[in-house]
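> Shown below is the structure under consideration.
FYI, it's all coordinate maths here, none of it is from the lab. Fair warning: this is a prediction, and the values are worked out from it, not measured in the lab. No Cβ is skipped: glycine too gets one built from the backbone with ideal geometry, and neighbour counts run over all protein chains shown.
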Amino acid sequence: MILIFGSINVDLIVPVPNLPQPGETVLGGDYALVPGGKGANQALAARRAGSEVVLAGAVGPDSFAGIALELLQRGGVDTHLVRVVYRPTGCAAIVVSQAGENAIAVAPGANTSVRSDQVPDESFDANTILLAQMEVPVRETETLMGRVRARGGRCLLNLAPALPIDLRLLSAIDLLVANEGEVTKTGLDPPQLARRLRQGLVVTRGAAGAIAFLADGSRIEVPALPIEAVDTTGAGDTFVGVLAAALDLGSNLKSALRQASAAAGLACLGCGAQTAMPDRAAIDAAVTRLPSG
């Protein structure tokens, strides 16, 4: 089972011919309101990949909450640990260019009220994978990680967005997942960082695939799925959620990375984050098209 402790947002998506420069106004097409947030995105990605998933987070007492939770609940994600607080549901404003690139600004809202004590001890055990990100209070994430580790569970952290992290926490993390820019913010190079983790560091590199730097000094490289991207929004969250699901379902790390890479590529073929995430059958089929590596 995967326990996800993270953010829940509504994404306001605006398609534009090109990303605006500072001070520039760009006229776009019709906007869309769709569910998002790194925690929610990764929860749905993991659920569609076949894992049982429980999401802990927060939403506000507003109409955005229903939009934010709709696909999760319809898709079978357990949301009984999501609480309603008196702050607005988180919202991300996303502009997407015709080339598939995006720029994102996030108003966290209710996500700042997520607390580790809303997750009771009976919600996890030694078979649990805790998956967290950096869009809810970091101290709360650290506290929950300590509790999960104490009961023998595994901890995965997606270092996104790139915020300061107490390096003493690294010894409690099995896998840290980050892109190249996020790794740089830690002040350590990938092999150094990997040696301080229980299993290793996974660095995602977009169209170049991903590299896992393992704590024992070895590494695993996986290619990206060859595609023409429509929208890269949510591709990283798809990678992380599917990686966690594959490990939860018994895959070794190399196989899990290949499933995650294939799924991330598929997520770039549709618009939005959750709306473009593939299911298990599509992922399995795409893995066969992934270049050997």
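> Karplus couplings for the range 83-92 from phi (6.51 cos²θ - 1.76 cosθ + 1.60, θ = phi - 60°), rounded to Hz, Gly and Pro as x?
Couplings: 10, 9, 10, 8, 9, x, 4, x, 9, 10 Hz.
> Further question on the same structure: In nm, to one decimal, how far is the Glu24 label point from the Arg139 one, both placed 7 Å along Cα→Cβ?
Label at Glu24, label at Arg139, 4.2 nm between them.
> Determine by what factor the alpha-carbon radius of gyration of the chain differs from 2.2 N^0.38 Å, reporting the quotient.
Details: Rg = 17.8 Å, N = 293, 2.2 N^0.38 = 19.0 Å.
Rounded to two decimals, the normalised Rg is 0.93.
> Under a plain spin-label model, where a point goes 7 Å from the Cα along Cα-to-Cβ, how far apart in nm are Ala107 and Tyr31?
1.0 nm
> I need to check one value: relative contact order of the chain, counting alpha carbon pairs closer than 8 Å and at least 6 residues apart, in percent. Intermediate results must be reported in sequence, preceding the final value.
Values: 738 pairs, mean separation 53.1, N = 293.
Dividing the mean separation by the residue count of the chain yields 18 percent.
> With just the Cα atoms defining each centre, how far is the range 202-221 from the range 1-77? Give it in Å.
27 Å
> Please give the length that would be gained between Ala162 and Glu70 if that part of the chain were fully extended, namely 0.36 nm times their separation in residues minus their C-alpha to C-alpha distance (nm, one decimal). Each step should come with its number before you reach the end.
Working: separation 92, 0.36 × 92 = 33.12 nm, distance 2.81 nm.
30.3 nm is the gain from fully extending Ala162 to Glu70.
> On the first, second and third principal axes, largest extent first, how far apart are the outermost C-alpha atoms of the range 30-79 in Å?
The Cα atoms of the range 30-79 stretch 32, 26, 18 Å along the principal axes, largest first.
> Would you kindly calculate the mean projected area, averaged across all directions, of the convex hull enclosing the Cα atoms of the range 118-244, in square nanometres? Could the numbers behind the result be given before it?
Details: hull surface 32.5 nm².
Result: 8.1 nm².
> Moving on. Taking only the Cα atoms of the range 1-114, how large is their convex hull per residue, in Å³?
On the way: hull volume 12.3 nm³, N = 114.
For the range 1-114, the hull spanned by Cα atoms encloses 108 Å³ per residue.
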